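**Q** Quick one: structure below, then a few questions.
The values are calculated or read from the model by the stated rules, or taken from the named source; none is laboratory data. Just so you know, these numbers come straight off a predicted model, no measurement behind them. Reconstructed Cβ throughout: ideal geometry from the backbone, glycine too, with neighbour counts over all protein chains shown. Calculation scope for accessible area: heavy atoms of the full protein, side chains included, ligands and nucleic acids excluded. Shrake-Rupley method; radii C 1.70, N 1.55, O 1.52, S 1.80 Å.
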Amino acid sequence: MSKNTPKAIRGTQDIFGADAESFAFVVETFERVRKLYRFRRVEMPVFEKTEVFSRAIGETTDVVSKEMYSFEDRGGDSLTLRPEFTAGIARAYLTNGWQQHAPLKVATHGPLFRYERPQKGRYRQFHQIDAEIIGAAEPQADVELLAMADQLLRELGIEGVTLNLNTLGDVASREAWRAGLIEYFSKVRGDLSEDSQERLEKNPLRILDSKDPRDKAFLADAPKIDEFLSDEALAFFENVTSGLDAAGVKWTRAESLVRGLDYYRHTAFEFIPDEGSAAADALGAQSTVLGGGRYDGLIESLGGSVTPAVGWAAGIERLAMLVGEKEAAPLHASIVPIGENGAKVAASLASFLRMHDLSVDVAFRGNMKKRMTRANDAGAFFALILGDDEIASRKVAVKNLRTGDQSLCSFDDVAVVLSEAVEGEEMARVARKFRGSGGFAGKERHPFSNY
RNA sequence: GCGAUCGUAGCUCAGUUGGUUAGAGCGCCGGUUUGUGGUACCGGAGGUCGGGGGUUCGAGACCCCUCGAUCGCCCCA
């Protein structure tokens, strides 16, 4: 690399090859599943006025003061590259009058930006998939959202990940719990880690997921949210859990799972790799695969009327790390033209075959041997050889690169002949793969069969 | 913001207590074969050893600074 070549920005990634295939597989699977649940696609701006995020998240938090990509535009307004989807969607909900569609189910995906030190599974520009239900206070909304998340992870083939579920209760429950935690931890203040002594002032709930062994000693006996839940909050949580059971979504109660920000109410959840699983190893310190919760307080903070909402987001890169290697779509045919005339006819043949839904590459570099090599390396099912002899007789030489068989095929028949042959190759390929995976055996019985 | 580890060819990495002209595998290009891939053999291109300064007769190696990467801490929307 020349020393005057500009470098990429810290924390950005150039995704290519196998990683890019995995990334695309995650997005395509998300798009497919989200349609099954009838979440409507939205496209959002990647930047907003800074206040959209600072008001939603809280002016004084570290998140807003240190970890956003903010800048002034030429008019002097402070703008911020979106660090999350939720605040922007909430803003759009209010500015576009989407209340008329409530309860509104929307989904989106794309790049997000956070000014943080990069590490495994954390980048400054990263990508998330996101799903929200806005304007629904019913626990069924939480259930539906979680069922979609669960199905998505299954369809991605991700194993060893469990839904960790908690409730933070309503405002009164949450505040009472917070007070209880402050009282409890204040008594042992001197024995807590320095970080947790600070958390005691700023965000006492966060002490519960401290990694410091000095803190862990006190966690087991810390007050639980359940002691503070109002009857309504308890009933809400029970509706969520029974709904999950009915939908066949496995979950585990995580009493110390909390959220850092104040607008969260009721349901909070994270899909987390089981300890010792391959997924846990793959993700390092960034263990949450998909997370979210109910944020009934957020839309109010942007000047809207009280609007209940629930949502989740998941990092595409993290999911991609867990889905394994994905094959690129197969190449049906590589055209190997010989000579100037061959090049011209090849362009025509390629266009013709692509219109018949066949994937086609033209090997235009090097001598014929080189072109055959490239056809082979690209994984093409067939090489289509097109020289003066073939063109003169309006035929193309079709070589099966698996078997080595070669025969001539007329221009008139080539699209049909290839389509049929490709179908056979695809089926053989899928069959090979399916045999290797053990098929659908082992899928668990769905709870619906018990009704 | 803090800490640890690491920067040698396009990629993955060797490189002895500091010693002559910095190596290998893969990849790339060409040839054995000018109309036939996978294998084999032969040849070739490609490096200011991240950058700057210092120690030394001599630095890829040692020291300082700097930039970058990785992993972790803080934070986590």
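**Q** From the list A:Ser70, A:Ser78, A:Ser65, exactly one residue is within 30 Å of A:Asn203 (Cβ to Cβ) and touching a Leu at 6+ places or on another chain (Cβ under 8 Å). Which is it? Write out each step before concluding.
**A** Numbers: A:Ser78 fails: touching a Leu at 6+ places or on another chain (Cβ under 8 Å); A:Ser65 fails: touching a Leu at 6+ places or on another chain (Cβ under 8 Å).
From the options A:Ser70, A:Ser78, A:Ser65, the qualifying one is A:Ser70.
**Q** Hey, among A:Gly97, A:Gly76, A:Gly110, A:Gly88, which residue is more than 15 Å from RNA strand B (Cβ to nearest atom) and open to solvent by less than 30 Å² (accessible area, probe 1.4 Å)?
**A** Details: A:Gly76 fails: open to solvent by less than 30 Å² (accessible area, probe 1.4 Å); A:Gly110 fails: more than 15 Å from RNA strand B (Cβ to nearest atom); A:Gly88 fails: more than 15 Å from RNA strand B (Cβ to nearest atom).
After ruling out the rest, the residue left standing is A:Gly97.
**Q** Right, here's the next one. State which residue pairs qualify: first residue open to solvent by less than 80 Å² (accessible area, probe 1.4 Å) and inside segment A:62-73, second residue near RNA strand B (Cβ under 7 Å from one of its atoms) and part of a helix (DSSP H, G or I) in any location, beta carbons under 7 Å apart, and separation of 6 or more residues or different chains.
**A** Pairs found: A:Val63/A:Ile57; A:Val64/A:Phe53; A:Val64/A:Ile57; A:Met68/A:Phe53.
**Q** If you don't mind, another one. With the requirement that a residue be within 16 Å of RNA strand B (Cβ to nearest atom), outside any loop (DSSP other than H, G, I, E, B) and in contact with a strand residue (DSSP E or B) (Cβ under 9 Å, 6 or more places away or on another chain), what does segment A:19-51 give you?
**A** If the condition is that a residue be within 16 Å of RNA strand B (Cβ to nearest atom), outside any loop (DSSP other than H, G, I, E, B) and in contact with a strand residue (DSSP E or B) (Cβ under 9 Å, 6 or more places away or on another chain), then A:Phe23, A:Phe47, A:Glu48, A:Lys49, A:Thr50, A:Glu51 are the ones that fit.
**Q** Among the residues in segment A:26-35, are any open to solvent by 60 Å² or more (accessible area, probe 1.4 Å), in the same structural domain as A:Gln140 (by TED's automatic domain parsing) and under 27 Å from A:Thr307 (Cβ atoms)? Reasoning before the result, please.
**A** Step one: filter segment A:26-35 for residues open to solvent by 60 Å² or more (accessible area, probe 1.4 Å), giving A:28, A:32, A:35.
Applying the additional criterion that residues be in the same structural domain as A:Gln140 (by TED's automatic domain parsing) yields A:28, A:32, A:35.
Next, from what is left, pick out any that are under 27 Å from A:Thr307 (Cβ atoms): A:35.
Yes: one or more hits.
**Q** Here's something else I'd like to know. Counting only residues that are within 7 Å of RNA strand B (Cβ to nearest atom), assigned to a strand (DSSP E or B) and buried (at least 19 other Cβ atoms within 10 Å of the Cβ), how many does segment A:370-405 have?
**A** Counting residues in segment A:370-405 that are within 7 Å of RNA strand B (Cβ to nearest atom), assigned to a strand (DSSP E or B) and buried (at least 19 other Cβ atoms within 10 Å of the Cβ) gives 3.
**Q** Which is surrounded by fewer than 17 Cβ atoms within 10 Å (Cβ to Cβ), among the hydrophobic types (A, V, I, L, M, F, W, C) and at pLDDT 95 or above, of A:Phe352, A:Phe364?
**A** Numbers: A:Phe364 fails: at pLDDT 95 or above.
Result of the check over A:Phe352, A:Phe364: A:Phe352.
**Q** Right, next: Looking at this structure, is A:Phe185 open to solvent by 10 Å² or more (accessible area, probe 1.4 Å) and either assigned to a strand (DSSP E or B) or not hydroxyl-bearing (Ser, Thr, Tyr) (or both)?
**A** On the way: open to solvent by 10 Å² or more (accessible area, probe 1.4 Å): no; either assigned to a strand (DSSP E or B) or not hydroxyl-bearing (Ser, Thr, Tyr) (or both): yes.
Against the criterion (open to solvent by 10 Å² or more (accessible area, probe 1.4 Å) and either assigned to a strand (DSSP E or B) or not hydroxyl-bearing (Ser, Thr, Tyr) (or both)), A:Phe185 does not qualify.
**Q** Quick check on segment A:203-212. Is at least one of its residues of a type in the set (Lys, Arg) and outside the structural domain of A:Gln286 (by TED's automatic domain parsing)?
**A** yes
**Q** Might you check whether a residue that is open to solvent by less than 20 Å² (accessible area, probe 1.4 Å) and without any contact (Cβ under 8 Å) to a residue 40 or more places away in the chain occurs anywhere in segment A:263-272?
**A** No, the conditions are met nowhere in segment A:263-272.
**Q** Right, here's the next one. Could we say that A:Asp221 is part of a helix (DSSP H, G or I) and over 26 Å from A:Asp150 (Cα atoms) here? Don't jump to the end; show me each part of the working.
**A** On the way: part of a helix (DSSP H, G or I): no; over 26 Å from A:Asp150 (Cα atoms): yes.
Here the answer is no, as A:Asp221 does not meet what is asked.
**Q** Another question, if that's okay. So, in segment A:366-407, how many residues would count as being under 23 Å from A:Val430 (Cα atoms) and acidic (Asp, Glu)? Break it down into steps so the answer makes sense when it comes.
**A** The first filter runs over segment A:366-407 and keeps only residues under 23 Å from A:Val430 (Cα atoms), leaving A:375-383, A:398-405.
With acidic (Asp, Glu) added as a condition, the list becomes A:377, A:405.
Going through segment A:366-407 one residue at a time, the tally reaches 2.
**Q** Return the pair list, or none, for Cβ contacts closer than 9 Å from residues in segment A:7-18 that are part of a loop (DSSP other than H, G, I, E, B) to residues that are among the basic types (Lys, Arg) and open to solvent by 60 Å² or more (accessible area, probe 1.4 Å), at least 6 apart or on different chains.
**A** A:Arg10/A:Arg117; A:Gly11/A:Arg114; A:Gly11/A:Arg117; A:Gly11/A:Arg122
**Q** If A:Ser22 satisfies all but one of (1) at pLDDT 95 or above; (2) surrounded by 11 or more Cβ atoms within 10 Å (Cβ to Cβ), what's the number of the condition it fails?
**A** With (1) at pLDDT 95 or above; (2) surrounded by 11 or more Cβ atoms within 10 Å (Cβ to Cβ) applied to A:Ser22, the lone miss is (1).
**Q** Just wondering, is there one or more residues in segment A:140-160 that are part of a strand (DSSP E or B), open to solvent by less than 10 Å² (accessible area, probe 1.4 Å) and charged (D, E, K, R)? Working first, answer last.
**A** Restricting attention to segment A:140-160, the residues satisfying the condition of being part of a strand (DSSP E or B) are none.
No, because not a single residue in segment A:140-160 is part of a strand (DSSP E or B), open to solvent by less than 10 Å² (accessible area, probe 1.4 Å) and charged (D, E, K, R).
**Q** Taking A:Val306 as the residue in question, decide whether it is open to solvent by 70 Å² or more (accessible area, probe 1.4 Å) and touching a helix residue (DSSP H, G or I) at 6+ places or on another chain (Cβ under 6 Å). Spell out how you get there, then give the answer.
**A** Working: open to solvent by 70 Å² or more (accessible area, probe 1.4 Å): yes; touching a helix residue (DSSP H, G or I) at 6+ places or on another chain (Cβ under 6 Å): yes.
So A:Val306 passes the test.
**Q** Could you check segment A:282-296 and list, in sequence order, the residues that are surrounded by fewer than 24 Cβ atoms within 10 Å (Cβ to Cβ) and within 12 Å of RNA strand B (Cβ to nearest atom)?
**A** A:Ala282, A:Leu283, A:Gly284, A:Ala285, A:Gln286, A:Ser287, A:Thr288, A:Gly291
**Q** Before we move on, is A:Gly88 over 17 Å from the mean Cα position of the chain (by Cα), in the same structural domain as A:Gln151 (by TED's automatic domain parsing) and either under 27 Å from A:Leu146 (Cα atoms) or part of a loop (DSSP other than H, G, I, E, B) (or both)?
**A** Working: over 17 Å from the mean Cα position of the chain (by Cα): yes; in the same structural domain as A:Gln151 (by TED's automatic domain parsing): yes; either under 27 Å from A:Leu146 (Cα atoms) or part of a loop (DSSP other than H, G, I, E, B) (or both): yes.
Here the answer is yes, as A:Gly88 does meet what is asked.
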